[in-house]
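For reference, the structure is listed below as structure tokens.
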Amino acid sequence: MKEMNKKIWTVLYVIAFIGATFLICASLSGCQLAIQDKGSADPGDIVDEFRGFYITFSRLPLDRAKAPEGNRIYAEEKTGDEPGKIRYEFGGIEGIPFFLASVPIKGTDESCLFTISDNHIISDVHMDVGSGTRMSGRLYLSHDFFGGLYFYPVFQKRDGRIYLDAARGEVVGASNAASARYAFEAKTTISDGDKKQEITNKAEVIIEYMNSLEKIVFKEMNSLDEVVVVTEAAKGQIMKAVHLSENTAYILVEEHGVDHRGEAAVVRSLLERDPLNMDIRFLCRFMDDRGIAEVYEVRFIH
């Protein structure tokens, strides 16, 4: 494997000779949800590499008469909204992408692995690369989120095409628990001539439940604990940056919303001013019409 190309979202070069067996597992905070082992793929099938999830809001139709192709919904590659970004569409199916895609580098015989994710929906994204890949992220839901989220594993064929497997989808229902977790793991054997190496690819999403916020109030406080400046953020009215007063010693954050009982609630936290860092970052999370938080970062600059 060649040296890593450290572009944005680029994490490793990929060798595309693959075979796999799959294991699904999931658990909920406070209670355990057991999902049975799905077993091994048919040795006669074309086995592809696990890349991550496509999360939908309803169960997808499944045509078992056309298996395995009837299980697969192939993605169409699109140019992203920003330069250098790539996105994929699964036949117009509404959902949340959270997967990797191996994309050829023009003029070479190498590929880069890109993260395909909406960072306004899934935050705190982490990735590790070694003998396989590990990716994780967090998804925030309102306490009154209704229905379930359907996690469909995404795979990539050796010819580069990407699809989701409608036969392997699993639902994670809404809960009043503080958090829930869904993970999918694939053990893959990579062949390079006579050499074989087993790697494990894993993706995990942590679901956090939080109050539906109406506004976030940022109070700049001086060293005497007096309010210096007050700034408010609301849904659709989130500033990208705030220049702090020279008298600001710390920031008191008040998140005003409604808790799981439907009662008004205020969650308070402190942002310390650090003389070694020129800015402080805070993630604002406001619910969309489905009860899924959209995440936007505010920078406090001094």
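The values are calculated or read from the model by the stated rules, or taken from the named source; none is laboratory data. Quick caveat: nothing in here was measured; it's all calculated off a predicted structure. A quick note on method: Cβ atoms are made from the backbone with ideal geometry, for glycine too, and the neighbour counts reach across all protein chains shown.
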Identity of the residue in the stretch 63-106, loosely packed, with under 12 Cβ neighbours inside 10 Å and modelled with pLDDT of 75 or more, that ends up farthest from the chain's Cα centre (by Cα): Lys106
Quick one: in the stretch 39-62, which of the residues that are at pLDDT 75 or above and part of a loop (DSSP other than H, G, I, E, B) is surrounded by the most Cβ atoms within 10 Å (Cβ to Cβ)? Asp48
Those residues of the stretch 205-234 which are touching a Phe, Trp or Tyr at 6+ places or on another chain (Cβ under 7 Å) and farther than 16 Å from Val253 by Cβ, in sequence order: Val205, Glu208
Looking only at the stretch 97-106, count every residue that is within 19 Å of Leu149 (Cβ to Cβ) and in contact (Cβ under 8 Å) with a residue 60 or more places away in the chain and tell me the total. 2
Take the conditions over 19 Å from Phe114 (Cα atoms) and of a type in the set (A, V, I, L, M) and apply them to Leu164. Does it pass? no
Give the residue, chosen from Lys240, Lys215, Lys195, Lys219, that is of a type in the set (Lys, Arg) and under 30 Å from Lys157 (Cα atoms). Lys195
For Val125, state whether it is surrounded by fewer than 16 Cβ atoms within 10 Å (Cβ to Cβ), outside any loop (DSSP other than H, G, I, E, B), hydrophobic (A, V, I, L, M, F, W, C) and within 14 Å of the chain's Cα centre (by Cα). yes
Contact list, first residue from the stretch 209-238 and surrounded by 14 or more Cβ atoms within 10 Å (Cβ to Cβ), second anywhere and of a type in the set (Phe, Trp, Tyr) and not in a strand (DSSP E or B), beta-carbon distance below 8 Å, six or more apart or interchain, is Tyr209/Phe145
Which residues, counting only those in the stretch 133-155, are over 21 Å from Leu283 (Cα atoms), buried (at least 20 other Cβ atoms within 10 Å of the Cβ) and modelled with pLDDT under 90? Thr133
